[in-house]
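This report concerns only the one structure given below.
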Amino acid sequence: MNWAMICALLLIFSVTGADVWTLYSHLQAADATQHAMVVLDRTRELLARLDDAETGQRGYLLTGDATYLQPFDFAKPDVQELINELKTLTADDAAQRPRLDALEAMVIRKFAELDRTIAMRREQGSEAAAAVVRENYGRNIMAQIRTLIATMEADEKGRIAERNAELKLSSGHAMQAAVLGDLAALSLLLGAGLVTRREMRARARADAKLRELVQQLTRSNRDLEQFAYVASHDLQEPLRMVANYCQLLQQRYKDRLGSDANDFIGFAVDGARRMQTLINDLLAFSRIGTNSRKLGTIDANACLGAAVKNLDAAIAASKALITHDRLPAVVADETEIIQVFQNLIGNSIKFRRETPPLIHVSAQPDGADWRFGVRDNGIGIAPEYRDQIFAIFRRLHPPDEYPGTGIGLAICKKIVERYGGRIWIESVVGAGSTFYFTLPQHPSSVL
Ligand code: ADP
């Protein structure tokens, strides 16, 4: 993900956040408007109930007919209930609450006036009651009540209008922000898409190039192996001839050619023998790639047993003690695994100290592999040589000190790597080494 994509995502998040906030404000405003509408409705209802009560009183005062008092009787509890409801609705409204208290006081006075005139009509007749009405006391209270209710209504209407105006403004801003933000995010995403596509194409080109290089390398490796195989194979015969004739020369003319010639012939025989050994080793090494493997599920314990048997003489001569864990079964060519064990254990015996070699072979699961270890108490290897020793004909000691051509570990590496495994060494100079190599646990991983 590149920077443009990150910016685009941040923008989209911000725009969405702003939209959510606007929506939340709208919901809150809708709640407040709904609240104001309810207050408006209840105040109108209150005024209507008071009108009913006053109409009932007028009818009774004029006619003395008690049925006119029915709306009056109903209105009284209704009005009280509406006042209580309005009190709850305006509980935290600093502007409306004092008005409502004043309204309640006026309503009490209005009902007291209505009660008084009704009682007067009942007890002293219509004239006495009409005289009280004419004082306009009741009419004045009603006028005050109407004014107060009108003020309350105007306040609520004003709030609704104010909220609507604010909402309109904030909606406009939110819309602008959303459109601009989304446009910017879209452009960034488009840009990011183009960049990503370009990067992907470049990567695909690089991958293809790498594949081609790997193919070339594999081809040239194969050619080299083939060459090494053919060369070592074809060189064997002439080399055998050179060695044989040098030996013949040595045997037949030993006493006739003088000591210098004898020495020279000796060097030639020696050289030819060494070259034969090298050529044989090279041939063994190149055969690993050319021979077809006989893959099967093999018991590593049996392979180790076979390797130990092959090393019988060296083990007896050095008094080596070889122990091992219970080793797993693996899918491999038996001969190759015997060869790996044989080369590693053979080296542990060869590169021993004065004390008899103690060699332990272990195996542990390591991810999808088995990790085998061959540990010894030999001379050890300095860190700087630990990679080099796996190269072909690479040795750290002259042949008269420790015999060998330097092919053993190269063969181990080639075998192990053909199974997709690795080989490496951990060592302490003067204390011993452990050679590790891995082989896949699952047969499907073995090609
Ligand atoms: P060679 O045994 O013929 O010398 P290898 O390829 O088997 O060839 O080993 C290469 C070099 O690695 C050896 O010459 C030796 O210096 C070093 N080496 C191998 N195994 C051991 C070991 N167990 N302890 C110490 N050094 C070792």
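The values are calculated or read from the model by the stated rules, or taken from the named source; none is laboratory data. Values in this document were obtained by computation on a predicted structure and should not be read as measured data. All Cβ positions, glycine included, derive from the backbone under ideal geometry; neighbour counts span all protein chains shown. These accessible areas exclude ligands, DNA and RNA; they are computed on the full protein's heavy atoms, side chains included. Shrake-Rupley method; radii C 1.70, N 1.55, O 1.52, S 1.80 Å.
With both labels modelled 7 Å from their Cα along Cα-to-Cβ, the ARG134 to GLN34 distance reads 5.4 nm.
Computed with every protein chain present, the accessible area of ASP19 is close to 60 Å² [probe 1.4 Å]. Which residues make up the longest stretch of the chain that has no GluC sites (Glu not before Pro) in a DSSP loop with at most 13 other Cβ atoms within 10 Å? The longest such stretch corresponds to 136-353. Across segment 363-378, the residues whose backbone nitrogen lies under 14 Å from the label position 7 Å along the beta-carbon direction of VAL428 are 376-378.
By accessible area, using a 1.4 Å probe on protein heavy atoms only, the chain has 58% of its surface on carbon and sulfur.
Gain on full extension, evaluated as 0.36 nm per residue between ALA313 and GLN144 minus their Cα-Cα distance, stands at 48.1 nm. Between segment 357-406 and segment 61-134, the alpha-carbon centres lie 112 Å apart.
Using the 1.4 Å probe convention, the accessible area of segment 1-146 works out to 57 Å² per residue with neighbouring protein chains retained.
Computed over segment 1-143, the convex hull of the alpha-carbon atoms projects to a mean area of 11.6 nm². Pairwise alpha-carbon distances in segment 296-445 exceed 19 Å for 50% of all pairs.
A full extension of the chain between SER187 and VAL242 corresponds to an added length of 11.8 nm, given 0.36 nm per residue minus the alpha carbon distance. Here the dipole of the chain is about 2100 debye; that uses its Cα centre as origin and unit charges on the Cβ of Lys and Arg (positive) and Asp and Glu (negative). Taking a point 7 Å out from the Cα of LEU180 in the direction of its Cβ, the residues of segment 22-38 whose backbone N falls within less than 18 Å of it are 22. With all protein chains kept in place, the per residue accessible area of segment 165-233 amounts to 80 square angstrom at a probe of 1.4 angstrom.
Dipole of segment 296-445 computed with +1 at Lys/Arg Cβ and -1 at Asp/Glu Cβ about the Cα centre; of SER318, PHE390, ALA332, farthest Cα towards the positive end is SER318. Here HIS442 sits with roughly 100 square angstrom of accessible surface, probe radius 1.4 Å. For the peptides 105-111, 255-261, residues were scored by their other Cβ atoms within 10 Å and the scores averaged per peptide; the highest-first order is 105-111, 255-261. Volume of the convex hull of the chain (Cα atoms only), normalised per residue: 301 Å³. Radius of gyration over Kirkwood radius for segment 116-236, both on Cα atoms: the Rg/Rh ratio is 1.93. Among residues other than ARG418 whose Cβ falls under 10 Å from its Cβ, what is the net charge (Lys/Arg +1, Asp/Glu -1)? Surrounding charge for ARG418 is 0. The calculated FRET efficiency for the pair ARG116 and ALA154, based on their C-beta separation and a Förster distance of 35 Å, comes to about 0.65.
In this simple spin-label model, placing a label point 7 Å from the Cα along the Cα-to-Cβ direction at both ARG211 and GLU354 gives a separation of 6.2 nm. Using only side-chain charges placed at the Cβ, +1 for Lys and Arg and -1 for Asp and Glu, the dipole size of segment 235-337 relative to its Cα centre rounds to 200 debye. Choose one of GLN247, SER259, GLN236: the residue whose Cα lies farthest towards the positive end of the charge dipole of segment 201-265 (beta-carbon charges +1 Lys, Arg; -1 Asp, Glu; about the Cα centre). The listed residue farthest towards the positive side: GLN236. Full extension of the chain segment joining THR55 with ALA202 gains 43.7 nm, where the gain is 0.36 nm per residue of separation less the Cα-Cα distance. Around the Cα centre of segment 351-438, unit charges on the Cβ atoms of Lys, Arg, Asp and Glu (plus for the first two, minus for the last two) sum to a dipole of about 200 debye.
Rolling a 1.4 Å probe across the protein heavy atoms gives segment 255-377 an accessible surface of 54 Å² per residue. Can you work out the base-10 log of I(q)/I(0) for segment 159-210 at q = 0.19, 0.32 1/Å, using the Debye formula on its C-alpha atoms alone? Reported log10 I(q)/I(0), two decimals: -0.73, -1.02. Students often get this wrong, so check it: of LYS87/LYS110; LYS110/LYS157; LYS294/LYS413; LYS319/LYS414; LYS294/LYS350; LYS87/LYS168, which have C-alpha atoms separated by over 28 Å? From LYS87/LYS110; LYS110/LYS157; LYS294/LYS413; LYS319/LYS414; LYS294/LYS350; LYS87/LYS168, over 28 Å: LYS319/LYS414; LYS294/LYS350; LYS87/LYS168. Of the complete DSSP H runs in the chain, those spanning 18 angstrom or more by Cα along the long axis with a mean Kyte-Doolittle score not below -1.0 are 3-63, 69-89, 96-124, 137-253, 258-290, 334-350.
With K and R counted +1 and D and E -1, the other residues having a Cβ less than 12 Å from that of ASN280 yield a net charge of +3. Computed from the alpha carbon positions, the gyration tensor of segment 110-185 leads to an equivalent ellipsoid with semi-axes of 60, 9, 5 Å, biggest first.
Applying 1/(1 + (r/R0)^6) with r as the Cβ-Cβ distance of PHE227 and ALA329 and R0 = 22 angstrom yields a FRET efficiency of 0.05.
Label-to-label distance for LEU169 and LYS294 is 9.4 nm, based on points extended 7 Å past Cα in the beta-carbon direction.
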